[in-house]
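The structure appears below as structure tokens.
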Amino acid sequence: MLYAAVAAGSFRRYATYRIATASGVFTNTVFGFILAYTYTALWTERPHLGGYDLPQALTFVWTGQALLAATGLLIGGGMDELQERIRSGDIAVDLYRPADLQLWWLAADLGRAGFQLLGRGLVPMAVGTLVFPSALPASPVTWLLFLVSVALGVVVGFALRYLVALTSFWLLDGAGVGMVAGLMCLFFSGMVLPLNVFPGGFGEAVRLLPWSSMLQVPADVLLGVHEGPGVARALAFQAGWAVALLAAGRLAQSVATRKVVVQGG
């Protein structure tokens, strides 16, 4: 019940920022139009690039815009606050709370992601679907599997950002690590281009990285690229990365909190 309350409180907290949400919806929609026209030109010259036809490619674009804030494809996503608490030493207060630090922040991130998906993701997706050709599925089962995949992608995104935030225990400023992590996330998640378009061994390698769980895998589930046992393998892939990264975060947290030193004091 504690962590459910934390998640609900985080949802309400982000819901109060109405102007920021409206600005995010506008930005995502405009950026989605830019990408959609770029993809249209690219897929006109190279039909079926990456195994997608044009409606599938455009649906991938708007799925990315819908998940941009929810899965934390631009990093941040509440972890900036954790980094600041580590830097200032306020994290010591958090460690005295009768709650697990990682689970507390995971619950808060799930609440944040839930609001961002509803408040910032639905409108760009709806606009893109109305203006451009789309390949959205008609089956409710596919939509349900997509939501499960999105939830796993959110957990993977949190686990990656949590590891980035924990670097502040050893660095004076984690902004540099966060910037590098953000660039890697944009590229290796498929936000710039679907990972399916990359050829050969490089394409196979990037699809095995954890960032693909944040966009590429959920989008392929929505587009029906994974069918039957393939869907189970895709979800298991995401779940495996979620468990591995959460375990890595747990280990890093244990090492970091053996001795907490307030920077400058």
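The values are calculated or read from the model by the stated rules, or taken from the named source; none is laboratory data. Just so we're clear, the structure is a prediction, and the values are computed from it rather than from any experiment. For neighbour counting, all protein chains shown are included, and Cβ atoms are generated from backbone atoms with ideal geometry for every residue, glycine included. When the accessible area is computed, the model is the full protein with side chains, heavy atoms only, and any ligands, DNA or RNA have been set aside. Shrake-Rupley method; radii C 1.70, N 1.55, O 1.52, S 1.80 Å.
Remark: the chain carries 48 Å² of accessible area per residue (probe radius 1.4 Å; ligands, DNA and RNA excluded).
A simple spin-label model places pseudo-atoms 7 Å from Cα toward Cβ; at Arg13 and Ala236 they are separated by 3.7 nm. Overall, the chain carries a charge dipole of about 480 debye about its Cα centre when +1 sits on the Cβ of Lys and Arg and -1 on the Cβ of Asp and Glu, all other atoms neutral. In this simple spin-label model, placing a label point 7 Å from the Cα along the Cα-to-Cβ direction at both Leu118 and Val192 gives a separation of 3.5 nm.
In the chain, the calculated helix contribution to ellipticity at 222 nm averages -22500 deg cm²/dmol per residue, counting -39,500 (n - 2.57) for every DSSP H run with n ≥ 4. Once all protein chains are placed together, Met214 keeps about 0 Å² accessible to a 1.4 angstrom probe. Karplus-based coupling profile of region 36-52, in residue order and whole Hz: 4, 5, 5, 5, 4, 5, 5, 6, 5, 7, 10, x, 6, 4, x, x, 9, with θ = phi - 60° in 6.51 cos²θ - 1.76 cosθ + 1.60 and x standing for Gly or Pro. Taking Val231, Val156, Val243 as the candidate residues, the one with maximal mean-square fluctuation in a Gaussian network model of the chain, Cα springs under 10 Å, is Val243. Once the chain from Leu2 to His48 is taken as fully extended at 0.36 nm per residue, the excess over their C-alpha distance is 11.7 nm. Residues Tyr17, Tyr39, sorted by accessible area with the largest first, give Tyr17, Tyr39 [1.4 Å probe; ligands and nucleic acids excluded]. Phi angles across region 231-240 convert, under the Karplus curve 6.51 cos²θ - 1.76 cosθ + 1.60 with θ = phi - 60°, into 3J(HN,Hα) values of 5, 4, 5, 5, 5, 5, 4, 5, 4, x Hz, Gly and Pro given as x. Using r as the Cβ-Cβ distance of Val131 and Leu183, and R0 as 30 Å, what FRET efficiency do you calculate, to the nearest 0.05? Taking R0 as 30 Å, the efficiency between Val131 and Leu183 is 0.55.
Axis of helix 54-67 versus longest Cα principal axis of the chain: the two differ by about 20°, to the nearest ten degrees.
The phi-based Karplus calculation (6.51 cos²θ - 1.76 cosθ + 1.60; θ = phi - 60°) puts the 3J(HN,Hα) values of region 145-155 at 5, 4, 5, 5, 5, 4, 4, 5, x, 5, 5 Hz, whole numbers, x for Gly and Pro. Find how many whole Å separate the alpha carbon centroid of region 158-189 from the alpha carbon centroid of region 88-144. With region 88-144 and region 158-189 each reduced to a Cα centre, they are spaced 19 Å. Can you give the accessible area of Ser23 in Å² (nearest 10), computed on protein heavy atoms with a 1.4 Å probe? Using a 1.4 Å probe on the heavy atoms, I get roughly 60 Å².
In the context of the full protein assembly, Trp43 retains an accessible surface of approximately 10 Å², using a probe radius of 1.4 Å and ignoring ligands and nucleic acids. The trypsin sites (Lys or Arg not before Pro) of region 174-264 that meet both conditions, a loop assignment by DSSP and at most 16 other Cβ atoms within 10 Å of the site Cβ, are Arg258, Lys259. On the chain, 71 percent of the accessible area sits on carbon and sulfur atoms, based on a 1.4 Å probe. Annotation for region 1-102: trypsin sites (Lys or Arg not before Pro) lying in DSSP loop with at most 12 further Cβ atoms inside 10 Å of their Cβ do not exist.
Roughly what would the spin-label model give for Leu251 and Trp143, points 7 Å off Cα along C-beta, in nm? So the label points at Leu251 and Trp143 sit 4.1 nm apart.
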